[in-house]
Amino acid sequence: MYSPRRYFYLPLIALILVGWFSISYAAAPTQNENYQDFTDWYLAKHNVAEVPWRAAAVIESGSFAPLYYYQEQTQMPAASLIKLVTAGTVLRYPIDWWQKIGFSWADNEGDFRQYLDPGDGFSKLKLNPLDKVSLEQAFGSMLVGSANNAANRMSTVTVDSREQFIQRMRQTAIDWDMINTTIEEPTGLSLNNLSTAQDIALGACHAFANFIIQYYSSKPQISFTTVNGEAKVIKHTVHRLRSDPKRWFGAKTGFLRET
């Protein structure tokens, strides 16, 4: 189903508490009385000198108030976490979810091979030549399996050009108060897609507030059949979600060797 991917965790944690309520578009969060210094707790509990993450942000979705911060404004490559912005941008436009789409060489590799070393693998939805899937199936594959070709294809089905879509992604990030985020392309494979734990947490709050994004981001797997009749099963990249999905409202991974 998926080609090998670069199995290196992006050292950036963005956790969000989300309730079933609407989210207001607020400025950057301010600390509240529920803030906890999880760093000291972790160091004492495990008797270590430093925490194993480079950056973290836990925020309350309704108020955007921080519950825990650690190097939250340290900018680093966002990897596939940027696909949350890709998804949010797609959903700003009228969509024909039943539209059948295929993947060109540019979708599958050409647009982002420049960001990879010759031997690098990457996650993608594999289709036989001339086969197609629905736009909904491609969208779900992007969020559940982090399919890069699906994310890349999203940039050409909603607007006139990939470049225009990337500009719209940048506007989505601005609207989501991701003020320290830089977007170069929609897959996350470019090291020039930069963000912070705080920005990713804010973006995730906005993204998971959308029912469609939340639905796919919390699915252990999705199954569908292509136009030519090939059965596909796409498993979520978060293994813990697969084993206990009821505890998750949504999740997204990001992997890059360089980070």
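The values are calculated or read from the model by the stated rules, or taken from the named source; none is laboratory data. All values reported here derive from a predicted model rather than from experimental measurement. As a convention, Cβ positions derive from the backbone with ideal geometry for all residues, glycine included, and neighbour counts pool all protein chains shown.
Tell me, yes or no, whether region 160-181 has at least one residue that is crowded, with 20+ Cβ neighbours inside 10 Å and touching a strand residue (DSSP E or B) at 6+ places or on another chain (Cβ under 6 Å). Yes: region 160-181 contains one or more residues that are crowded, with 20+ Cβ neighbours inside 10 Å and touching a strand residue (DSSP E or B) at 6+ places or on another chain (Cβ under 6 Å). Annotation: E185 fulfils all but one of (1) among the charged types (D, E, K, R); (2) closer than 15 Å to A87 by Cα; (3) not in a loop (DSSP other than H, G, I, E, B); the unmet one is (3).
Within region 84-113, if we keep just the residues that are crowded, with 17+ Cβ neighbours inside 10 Å and in contact with a Ser or Thr (Cβ under 6 Å, 6 or more places away or on another chain), the residue that is farthest from F165 (Cα to Cα) turns out to be F112. Would you confirm, using the coordinates I've provided, whether I59 is at pLDDT below 95, crowded, with 24+ Cβ neighbours inside 10 Å and among the aliphatic types (A, V, I, L, M)? Answer is yes for this residue. Residues that are modelled with pLDDT of 50 or more, surrounded by 14 or more Cβ atoms within 10 Å (Cβ to Cβ) and not in a loop (DSSP other than H, G, I, E, B) within region 16-42 comprise F38, T39, Y42, listed in sequence order.
The residue pairs whose first member lies in region 29-51 and is closer than 23 Å to D177 by Cβ, whose second member is part of a helix (DSSP H, G or I) and at pLDDT 90 or above, and whose beta carbons are closer than 8 Å, counting only pairs six or more residues apart or on different chains, are P29/Q198; P29/L202.
Residue by residue through region 223-247, note down the ones that are among the charged types (D, E, K, R) and without any contact (Cβ under 8 Å) to a residue 24 or more places away in the chain. Spell out the reasoning first.
Within region 223-247, the subset among the charged types (D, E, K, R) is 230, 232, 235, 240, 242, 244, 246-247.
Hits for region 223-247 are R240, R242, D244, K246, R247.
Checked against (1) outside any helix (DSSP H, G or I); (2) more than 30 Å from V58 (Cα to Cα), N180 passes all but a single condition, namely (2). If you check L81, L116 for being surrounded by fewer than 22 Cβ atoms within 10 Å (Cβ to Cβ), under 20 Å from the mean Cα position of the chain (by Cα) and over 20 Å from K232 (Cα atoms), only one passes: L116. If the condition is being surrounded by fewer than 15 Cβ atoms within 10 Å (Cβ to Cβ) and outside any loop (DSSP other than H, G, I, E, B), then region 225-259 contributes T225, A231, V233, H239, R240, R242, S243, K246, R247.
Note on region 52-75: residues that are without any contact (Cβ under 8 Å) to a residue 60 or more places away in the chain, assigned to a loop (DSSP other than H, G, I, E, B) and not polar (S, T, N, Q) total 5.
Residue-wise test of (1) outside any helix (DSSP H, G or I); (2) not polar (S, T, N, Q).
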{"position": "Y93", "(1), (2)": "yes, yes"}
{"position": "E109", "(1), (2)": "no, yes"}
{"position": "Q114", "(1), (2)": "no, no"}
{"position": "D120", "(1), (2)": "yes, yes"}
{"position": "L125", "(1), (2)": "yes, yes"}
{"position": "D131", "(1), (2)": "yes, yes"}
{"position": "D160", "(1), (2)": "yes, yes"}
{"position": "Q164", "(1), (2)": "no, no"}
